Amino acid sequence: MPQRARSQEAKLRRAEDLLDAARALAAERGGVRHVTLAAVTEAAGLHPSAVRRYFDSKEELLLELAERGWHQWRDALIAHLGGAHGLPPARIADAVATTLAAQPLFCDLLTHVPLSLEGEVGIDRARRYKTSSFAAYDAIVDALTGAGTMTTGQVQDLITMALGVTANLWQLAHPTPTLAELYAANPRWGHVALDFEPRLNRLLQAAAAGLAATGVPG
């Protein structure tokens, strides 16, 4: 039994090493689109064949990071709200934008989850991701509804807007080297390489104000 416990602990540590390596590579290389399993295993000090003991695929590894990202965002948002009550829509929008922008890896992964990650893993892993992410989503909606004057329905729509806009703007604001060179040579096109957080905040402020004004039901 002690040996099994030590082996399980070692396995969990190895899995964390792989996740840490993926995080670092995404930051160094300009996004998760540049992360490969070979690079992850090398950075973690593992033989390439060993990764299958911990994750079936790159998609499963990155989906694990996305799942954790939901919980990190939930915790950061609740801490940011600090037990507040009666916040106007503008303050709710600012809380969403500020805490999202503080999670760069999660912002990047929001593009890839629906595009490839959750559809390229086994059904049990996809179910676990959905269950975990929706639990975090529900906690986020409850926290924002309790902290402000927006209804549950309005907050849900705001979160939908935030996730979609973030998935798009993050990629535009972090172009590949090829696109960055193109924008430098063609300043008129470079406007799409925008400043992420101010634009996100401004758009969510407008969305929150519009949702509150139209009286979306709770």
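The values are calculated or read from the model by the stated rules, or taken from the named source; none is laboratory data. Bear in mind the structure is a predicted one, so any value in this text is a computation, not a measurement. For neighbour counting, all protein chains shown are included, and Cβ atoms are generated from backbone atoms with ideal geometry for every residue, glycine included. We work out accessible area using only protein heavy atoms, side chains counted, and drop any ligands, DNA or RNA first. Shrake-Rupley method; radii C 1.70, N 1.55, O 1.52, S 1.80 Å.
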Single unsatisfied condition, F196 versus (1) open to solvent by less than 60 Å² (accessible area, probe 1.4 Å); (2) modelled with pLDDT of 95 or more: (2)
Just a yes or no: is a residue in the stretch 72-79 open to solvent by 60 Å² or more (accessible area, probe 1.4 Å), small (G, A, S) and modelled with pLDDT of 95 or more? yes
Residue within the stretch 171-191 that is open to solvent by less than 40 Å² (accessible area, probe 1.4 Å), closer than 23 Å to H71 by Cα and of a type outside the set (S, T, N, Q) present: no
List every residue pair whose Cβ atoms sit under 6 Å apart, with the two residues 6 or more apart in sequence or on different chains, where the first one lies in the stretch 6-25 and is without any contact (Cβ under 8 Å) to a residue 24 or more places away in the chain and among the hydrophobic types (A, V, I, L, M, F, W, C) and the second, anywhere, is surrounded by 15 or more Cβ atoms within 10 Å (Cβ to Cβ) and part of a helix (DSSP H, G or I). A21/V40; A21/A43; A21/A44; L25/A39
Which numbered condition I92 fails, given (1) in contact with a strand residue (DSSP E or B) (Cβ under 8 Å, 6 or more places away or on another chain); (2) closer than 26 Å to P175 by Cβ: (2)
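If we scan the stretch 95-105, do we find a residue that is over 17 Å from the mean Cα position of the chain (by Cα) and farther than 22 Å from H174 by Cβ?
Restricting attention to the stretch 95-105, the residues satisfying the condition of being over 17 Å from the mean Cα position of the chain (by Cα) are none.
Among the residues of the stretch 95-105, not one is over 17 Å from the mean Cα position of the chain (by Cα) and farther than 22 Å from H174 by Cβ, which makes the answer no.
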F106 passes all but one of the listed conditions (1) open to solvent by 70 Å² or more (accessible area, probe 1.4 Å); (2) touching a residue at least 12 places away in the same chain (Cβ under 8 Å); the exception is number (1)
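Give me the helices (runs of 4 or more DSSP H) completely within the stretch 131-218, filtered to those with at least 1 residues that are in contact with a Ser or Thr (Cβ under 7 Å, 6 or more places away or on another chain) and under 24 Å from A76 (Cα atoms), ordered by residue number. Full working, then the answer.
Values: elements: 152-173, 177-185, 196-214.
Where helices (runs of 4 or more DSSP H) fall fully within the stretch 131-218 and carry at least 1 residues being in contact with a Ser or Thr (Cβ under 7 Å, 6 or more places away or on another chain) and under 24 Å from A76 (Cα atoms), they are 152-173, 196-214.
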Scanning the stretch 116-150 for residues that are closer than 20 Å to I92 by Cβ and open to solvent by 20 Å² or more (accessible area, probe 1.4 Å), the one nearest to the chain's Cα centre (by Cα) turns out to be Y137
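Suppose we keep only residues that are more than 15 Å from L110 (Cα to Cα) and surrounded by fewer than 17 Cβ atoms within 10 Å (Cβ to Cβ) within the stretch 48-71. Which one would you say is modelled with the highest pLDDT? Spell out the reasoning first.
Keep residues of the stretch 48-71 that are more than 15 Å from L110 (Cα to Cα), which gives 48-58.
Among the residues that remain, those that are also surrounded by fewer than 17 Cβ atoms within 10 Å (Cβ to Cβ) are: 48-50, 52-53, 56-57.
On the way: P48: 77, S49: 77, A50: 77, R52: 80, R53: 84, D56: 89, S57: 92.
It comes out as S57.
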Please count how many residues of the stretch 139-179 are out of contact with any Leu (no Cβ under 6 Å at 6 or more places or on another chain) and either at positive phi or not aliphatic (A, V, I, L, M) (or both). 18
